[in-house]
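Peer 1: Just dropping this structure here.
Only the coordinates and a few stated rules stand behind these numbers; no lab work does. If you're wondering where the values come from, they're calculated on a predicted model, not measured in any experiment. No Cβ is skipped: glycine too gets one built from the backbone with ideal geometry, and neighbour counts run over all protein chains shown.
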Amino acid sequence: MKITFTDAAKADIIGFLVDQGGKLPKAAEALDQESGGLLSEALKSGRFEGKEGQQAFVVLPKGSAAKRALLVGGGKAKGRNERALERIGAVVYKSQANSGFKSLAMTVGGADDAARIALGAKLAAYRFDDYRTKLKDEDKPSLTSISFVSEDAKAARAAFKPLDAGADGTYLARDLVNMPPNDLYPGSYAEKIETLAEHGLEIEILGEKELAKLGMNSMLGVGQGSVKESKLGIMKWMGGKAGDAPVALVGKGVCFDTGGISLKPGAGMEDMRGDMGGSAAVVGAMLALAKRKAKANVVGLVGLVENMPDGDAIRPGDILRSASGQTIEVQNTDAEGRLVLCDVLWYTQEKYKPAAIVDLATLTGAIVIGLGHHHAGMFTNNDKLADQLTAAGLAEGERVWRMPLGPEYDKQLKSKFADMRNIGGRAAGSITAAQFLQRFIQDGQTWAHLDIAGVAWVEGEKAPTDPSWASGFGPRLLDRWIADNYES
Ligand code: BES
Ligand code: MN
Ligand code: ZN
């Protein structure tokens with residue numbers, strides 16, 4: 001989908017945003033007259049009131065400037081926030097995507113609104129068709145370009161640039177989460193990450209030999225039942241001041257989670273292709289930062305493994321010696337995400353002394369029960385960071401909800417044999433998972449953990465800006481958080 005910004009509409013379809021209960025916009029007047037009042041008639045007839053998302057479609061007479069006109073309800077102008085603008089863009093795209101027409105020019109108001117509407121259209125235009133060989137032409141979108149006509153095209157273009165970078169991050173995260181686990185495994189994933197060097201990211205990939213040298217036996221334990229080699233992917237974007245401590249983003253990249261010897265039930269197991277959603281958020285965020293040339297130092301680290309049952313797999317009862325030196329009794333091999341993250345978190349702190357760490361993981365089913373599909377769970381040792389992430393999430397529509405931490409929960413991790421066990425019993429499963437991670441956070445280290453198990457993919461009814469199974473949650477939240485707090 002090509003998105004452009006102009007100040008003159010020229011396309012197969014010309015669209016106009018109409019406020020609820022409002023008049024035809026000025027920009028539509030010429031076309032209205034030319035067509036003998038067809039647009040104002042459309043505004044009055046039928047049930048079109050300009051409610052958000054409503055549409056009226058007008059076939060224009062021969063010789064008109066365009067083939068069709070489209071009136072799109074914008075709802076009440078007052079209180080039309082970013083989400084509403086994104087939804088409007090998504091509805092515009094969706095309504096004409098399969099219309100048979102190729103180009104649409106949409107007249108909107110100011111530059112910032114135009115940019116947000118464009119973002120909504122782009123997010124809605126995402127598709128994951130690589131694995132379909134029998135797609136009929138009529139099922140492929142015909143619409144290939146939308147231009148947005150606003151008061152100041154140049155300003156709109158400038159406003160869209162960072163949003164576009166964020167959307168590219170979302171697209172990448174969606175692709176990674178949607179990809180099947182036979183094609184996206186640690187090695188192939190690492191190769192994909194390596195290609196991001198073309199955007200100016202510095203990439204480093206560590207294999208099992210190097211991870212063993214670093215003592216990352218907890219992460220290696222998870223991958224040990226898989227024939228695929230575990231990898232640690234490291235991406236660096238050093239766009240800030242030299243010497244400034246970087247922000248670190250850490251992601252769980254379990255390319256497939258069978259549960260291991262503590263095997264998951266069969267029904268729905270295919271969803272565990274998405275168990276690398278945390279890592280996808282990090283990779284997508286790194287791409288967004290590079291694309292908009294963020295003025296901040298950021299490192300992204302993703303632990304890439306596959307959790308398989310095998311003669312070589314870790315067993316319940318095994319004790320793993322983590323990179324931090326702490327020992328972990330594995331009581332359930334399905335609580336593997338924390339075993340990966342604890343070593344990556346430790347390495348991140350030792351190596352980069354980050355100003356703050358945010359980790360993301362599809363860590364627990366319990367967070368889906370607790371918060372459903374509309375907020376990620378946030379656990380943090382820092383109130384300021386909590387406020388920052390909450391604000392960034394609200395601003396970009398990737399919301400987080402703070403959950404508690406506390407020593408009472410931590411006690412649930414006591415082990416008979418080792419420093420801790422990897423599960424905390426039935427109660428407060430998402431909190432004990434976060435407590436486990438916190439045991440690997442060094443004193444004074446600012447840290448937040450986002451449990452995105454409920455938001456990385458969603459089945460059923462969703463926002464029009466979220467068209468595929470994978471939502472691509474994370475990149476825009478992280479990008480916004482960095483933009484608002486680490487770039488002056
Ligand atoms: N990847 C899962 C968590 C998950 C569940 C993500 C559903 C998305 C949807 C994780 O590795 C896991 O299996 N967690 C266990 C932990 C338990 C064994 C303590 C869980 O949530 O059941
Ligand atoms: Mn698991
Ligand atoms: Zn998992």
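Peer 1: Quick one: go through the stretch 132-150 and flag any residue whose amide nitrogen is under 16 Å from the point 7 Å out along the Cα-to-Cβ line of Phe57.
Peer 2: 138-144
Peer 1: Using Cβ counts within 10 Å as a stand-in for footprinting exposure, how do His374, His449 rank, fewest first? Walk me through the numbers on the way to the answer.
Peer 2: On the way: His374 11, His449 32.
Listing His374, His449 from fewest to most nearby Cβ atoms yields His374, His449.
Peer 1: Cα axis of helix 111-124 to longest principal axis of the chain: angle in degrees, 0 to 90, nearest 10?
Peer 2: 60 degrees
Peer 1: Right, another one. What trypsin sites (Lys or Arg not before Pro) does the stretch 375-482 have in DSSP loop regions with at most 15 other beta carbons within 10 Å? The partial results should precede the final answer.
Peer 2: Details: sites: Lys384, Arg399, Arg402, Lys411, Lys414, Lys416, Arg421, Arg426, Arg439, Lys462, Arg476, Arg480; in loops: Arg399, Lys414, Lys416, Arg426, Arg439, Lys462.
Answer in residue order: Lys414, Lys416, Arg426, Lys462.
Peer 1: Ok, one more. Report the local net charge at Leu478: Lys and Arg +1, Asp and Glu -1, summed over other residues whose C-beta lies under 12 Å from its C-beta. Before the final figure, lay out the partial values.
Peer 2: Working: positive: Arg476, Arg480; negative: Asp359, Glu396, Glu398, Asp479, Asp484.
Its environment carries a net charge of -3.
Peer 1: Run the numbers for Glu204 and Glu151: contour at 0.36 nm per residue of separation, minus the present Cα-Cα distance, in nm.
Peer 2: Numbers: separation 53, 0.36 × 53 = 19.08 nm, distance 4.49 nm.
So the extension gain works out to 14.6 nm.
Peer 1: Mind checking the full-extension length gain between Lys134 and Arg315? Use 0.36 nm per residue of separation minus the Cα-Cα distance, one decimal, nm. Before the final figure, lay out the partial values.
Peer 2: Working: separation 181, 0.36 × 181 = 65.16 nm, distance 4.32 nm.
Additional length available on full extension: 60.8 nm.
Peer 1: For Thr333, which sequence-distant residues (separation of 5 or more, or a different chain) have an amide H within less than 5 Å of its own amide H, given hydrogens modelled in the peptide plane?
Peer 2: Ser262
Peer 1: For Lys102, project a label point 7 Å along Cα to C-beta. Then give me every residue of the stretch 1-34 with its amide nitrogen under 15 Å of that point.
Peer 2: Residues 1-3, 10-13 fall inside that zone.
Peer 1: Among Ala280, Val344, Ile319, which residue has its Cα furthest toward the positive end of the charge dipole of the chain, with +1 on Lys/Arg Cβ and -1 on Asp/Glu Cβ?
Peer 2: My answer, from the dipole projection, is Ala280.
Peer 1: List the aspartates and glutamates whose Cα sits under 16 Å from the Cα of Lys291, skipping any in the same chain fewer than 8 residues away.
Peer 2: Straight-line reach from Lys291, under 16 Å: Asp164, Asp168, Glu194, Glu198, Glu202, Asp479, Glu487.
Peer 1: Which whole-number percent of Cα pairs in the chain have a distance greater than 34 Å?
Peer 2: Numbers: 45519 of 118828 pairs.
The share of Cα pairs beyond 34 Å in the chain comes to 38 percent.
Peer 1: Further, regarding this structure: How many nm separate the modelled label positions at Arg402 and Lys462, each set 7 Å beyond the Cα in the direction of the Cβ?
Peer 2: A separation of 2.9 nm, rounded to one decimal place.
Peer 1: Of Lys122/Lys231; Lys122/Lys154; Lys209/Lys416, which sit over 23 Å apart, Cα to Cα? Before the final figure, lay out each step's value.
Peer 2: Numbers: Lys122/Lys231 32 Å; Lys122/Lys154 19 Å; Lys209/Lys416 31 Å.
Pairs exceeding 23 Å: Lys122/Lys231; Lys209/Lys416.
Peer 1: Let me ask you something else. What list of ³J(HN,Hα) values in whole Hz, one per residue of the stretch 415-422 in order, does the Karplus curve 6.51 cos²θ - 1.76 cosθ + 1.60 (θ = phi - 60°) give from phi, with Gly and Pro shown as x?
Peer 2: My calculation for the stretch 415-422 gives 10, 5, 10, 10, 5, 7, 10, 8 Hz in order.
Peer 1: Continuing with this model, one more query. Can you spot the aspartates and glutamates whose alpha carbon is less than 15 Å from Lys228's alpha carbon? Ignore those fewer than 8 places along the same chain.
Peer 2: Here the aspartates and glutamates satisfying the reach criterion relative to Lys228 are Asp183, Glu191, Glu208, Asp257, Glu306, Asp310, Asp312.
Peer 1: Right, something else. Would you please state which residues of the stretch 371-405 a label at Ala245 would reach in this model, taking the label point 7 Å out along Cα→Cβ and a backbone N cut-off of under 14 Å?
Peer 2: Counting only backbone N, you get 382, 385.
Peer 1: Next question. Would you mind working out the magnitude of the charge dipole of the chain relative to its Cα centre, with +1 at each Lys and Arg C-beta and -1 at each Asp and Glu C-beta, to the nearest 20 Debye?
Peer 2: Numbers: 59 positive and 62 negative charges, 188 e Å.
It works out to roughly 900 debye.
Peer 1: Further question on the same structure: When the helix-only estimate is applied to the chain (DSSP H runs of n ≥ 4, each -39,500 (n - 2.57), divided by the residue count), what is the mean residue ellipticity at 222 nm, nearest 500 deg cm²/dmol? Show your work: numbers first, answer last.
Peer 2: Numbers: 15 runs with 169 residues, N = 488.
Helix contribution divided over all residues of the chain: -10500 deg cm²/dmol.
Peer 1: So what J values fall out for the stretch 212-225 if you push phi through Karplus, 6.51 cos²θ - 1.76 cosθ + 1.60 with θ = phi - 60°, rounded to Hz, Gly and Pro as x?
Peer 2: Ordered by residue, 3J(HN,Hα) equals 5, 4, 7, x, 7, 6, 6, 4, 4, x, 4, x, 6, x Hz.
Peer 1: Counting other Cβ atoms within 10 Å, which trypsin sites (Lys or Arg not before Pro) in the stretch 102-200 have at most 11 and lie in a DSSP loop? Intermediate values should be presented prior to the final figure.
Peer 2: Numbers: sites: Lys102, Arg116, Lys122, Arg127, Arg132, Lys134, Lys136, Lys154, Arg157, Arg174, Lys192; in loops: Lys102, Arg127, Arg132, Lys134, Lys136.
Filter output for the stretch 102-200: Arg132, Lys134, Lys136.
Peer 1: Sort the following peptides by mean Cβ neighbour count (other Cβ atoms within 10 Å, averaged over residues), highest first: 39-46, 105-112, 162-169.
Peer 2: Numbers: 39-46: 16.0, 105-112: 21.5, 162-169: 23.6.
Put in order of decreasing packing, that is 162-169, 105-112, 39-46.
Peer 1: Moving on. At 7 Å along Cα-to-Cβ for each site, give me the label-to-label distance between Gln33 and Asp271 in nm.
Peer 2: Calculated label separation equals 5.8 nm.
Peer 1: Helix 475-486 against the longest principal axis of the chain: what's the angle in degrees, Cα atoms only, rounded to the nearest 10?
Peer 2: For 475-486 against the chain, the angle is about 80 degrees.
Peer 1: In the structure displayed, which of Lys140/Lys252; Lys76/Lys384; Lys293/Lys353; Lys62/Lys462; Lys26/Lys62; Lys10/Lys462 lie more than 29 Å apart, Cα to Cα? Don't skip to the answer; put the middle values down first.
Peer 2: Numbers: Lys140/Lys252 34 Å; Lys76/Lys384 34 Å; Lys293/Lys353 23 Å; Lys62/Lys462 39 Å; Lys26/Lys62 22 Å; Lys10/Lys462 32 Å.
Long pairs (Cα-Cα over 29 Å): Lys140/Lys252; Lys76/Lys384; Lys62/Lys462; Lys10/Lys462.
Peer 1: Using the Karplus equation 6.51 cos²θ - 1.76 cosθ + 1.60 (θ = phi - 60°), what ³J(HN,Hα) coupling, rounded to whole Hz, does each residue of the stretch 68-80 give in order, writing x for Gly and Pro?
Peer 2: Using θ = phi - 60°, the values come out as 9, 10, 10, 9, 10, x, x, x, 6, 4, 6, x, 7 Hz.
Peer 1: Most exposed first by the Cβ proxy, i.e. fewest other Cβ within 10 Å, how do Tyr93, Tyr486, Tyr185 rank?
Peer 2: Values: Tyr93 27, Tyr486 20, Tyr185 23.
By the 10 Å Cβ count, ascending, the order reads Tyr486, Tyr185, Tyr93.
Peer 1: What residues qualify as long-range amide H neighbours of Val149, i.e. H under 5 Å apart, gap of 5 or more or another chain, H built at 1.01 Å from N?
Peer 2: Long-range HN contacts for Val149: Thr6, Met106, Thr107, Val108.
Peer 1: With the contact rule set at Cα under 8 Å and sequence spacing of 6 or more, what percent relative contact order holds for the chain? Before the final figure, lay out the partial values.
Peer 2: On the way: 1176 pairs, mean separation 75.4, N = 488.
Dividing the mean separation by the residue count of the chain yields 15 percent.
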